[in-house]
1. Going through region 190-228 one residue at a time, which ones are assigned to a loop (DSSP other than H, G, I, E, B), open to solvent by less than 20 Å² (accessible area, probe 1.4 Å) and farther than 22 Å from TYR81 by Cα?
2. Scan region 41-76 for residues that are touching a residue at least 24 places away in the same chain (Cβ under 8 Å), assigned to a strand (DSSP E or B) and farther than 21 Å from ALA211 by Cα and jot them down.
3. Of the residues in region 31-55, how many are polar (S, T, N, Q) and more than 13 Å from VAL111 (Cα to Cα)?
4. Could you grab me the full set of residues in region 25-51 that are over 28 Å from HIS180 (Cα atoms) and either exposed (fewer than 13 other Cβ atoms within 10 Å of the Cβ) or in contact with a Ser or Thr (Cβ under 6 Å, 6 or more places away or on another chain) (or both)?
5. Show me the strands (runs of 3 or more DSSP E) entirely contained within region 244-293 in which 2 or more residues are surrounded by 13 or more Cβ atoms within 10 Å (Cβ to Cβ) and among the aliphatic types (A, V, I, L, M).
Amino acid sequence: MEINNSELVSIKEVPIRKITGCTSLSLFDTLSIEEPLEIKIQYGSKEQRIQKNISVTMRTPGNDPELAIGFLFTEGIISSYDVVKNVSHLAIECTLKKKNSILVELIEDFVPHLMQADRNFYTTSSCGVCGKGSIEAIKTVSLFKSLARQNLNISSDILYQLPQKLKSAQSNFDATGGIHAAGLFSVEGDLKLLQEDVGRHNALDKLIGEALRTHLLPLNHHILLLSGRASFELIQKAAMAGIAVVVAIGAPSTLALELAIELNITLLGFLKEDRFNIYHSCDEVSILTTHQN
């Protein structure tokens, strides 16, 4: 299935007045676009197709098919890319020419796991689980939860290089300074996948959707780098993709740490060019440093 994102614009120039001391200048600034995306699915028999609204999320336009697929996968609604028949934008009169509605058509006779979609219809770019009914409802069971872990040796010198590599690859952040990223690295520090969005959870859903579409799952031999903080939902989404190492440039929340411990995911935070914190480390992952206290 061919996916085309070329018509979607993710940044926009706006007129501003810049104040420096006592001086005022009329300039243009570049902002990240934030617009709603309505995600729908179509499923059922060939004779009786059912269309259902799943969610509306505030996102940065671009890689919408990957976002929709990744969202459905990390929510546990689908378990494989093989059940996806087609993904297409829908024309909605109220959105004019904007492509803010997307339909994921599932193969005939596949029954999606809609019990996992216990979510209010609207989610914000800053919170992907705000509409969940309870904490237990969002502890989605990963297909890779019982997957045998690979032994990974990760050098601290490699980790120190990752923030700059991520930033250098972020075209939208360089233009706007206001967008999140999720980057997938090899243990040797090579960037494999990168996705950006105004929403942390959207960036990760886009990345996992791309990995799902290109048959890269499980991602148990990679490092996931988050440009901001590590929240519960990001750990949950990482677990759905089989990721064993999550590194955040910001801080983890307590609930994120509790889930990382429960799911045996190595969790690092406050990664800078010369330091980081280890909040939890699973037995299969060794962080190699020159000096250890």
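1. Here is the first cut: in region 190-228, the ones assigned to a loop (DSSP other than H, G, I, E, B) are 190, 198-199, 214-221, 227-228.
If we keep only those that are open to solvent by less than 20 Å² (accessible area, probe 1.4 Å) too, we end up with 199, 219-220, 228.
Passing the criteria: GLY199, GLY228.
2. The answer is GLN42, TYR43, GLY44, GLN51, LYS52, ASN53, ILE54, SER55, VAL56, MET58.
3. Residues of region 31-55 polar (S, T, N, Q): 32, 42, 45, 48, 51, 53, 55.
Filter once more, so that each one left must be more than 13 Å from VAL111 (Cα to Cα): 32, 53, 55.
Summing the residues that are polar (S, T, N, Q) and more than 13 Å from VAL111 (Cα to Cα) in region 31-55 gives 3.
4. Passing the criteria: LEU25, SER45, LYS46, GLU47, GLN48, ARG49, ILE50, GLN51.
5. 245-248, 266-269, 285-288
The values are calculated or read from the model by the stated rules, or taken from the named source; none is laboratory data. Note that the coordinates shown come from a computational prediction; the quantities given were computed from them, not determined experimentally. When we count neighbours, we look across all protein chains shown, and the Cβ atoms used for this are built from the backbone with ideal geometry, even at glycine. These accessible areas exclude ligands, DNA and RNA; they are computed on the full protein's heavy atoms, side chains included. Shrake-Rupley method; radii C 1.70, N 1.55, O 1.52, S 1.80 Å.
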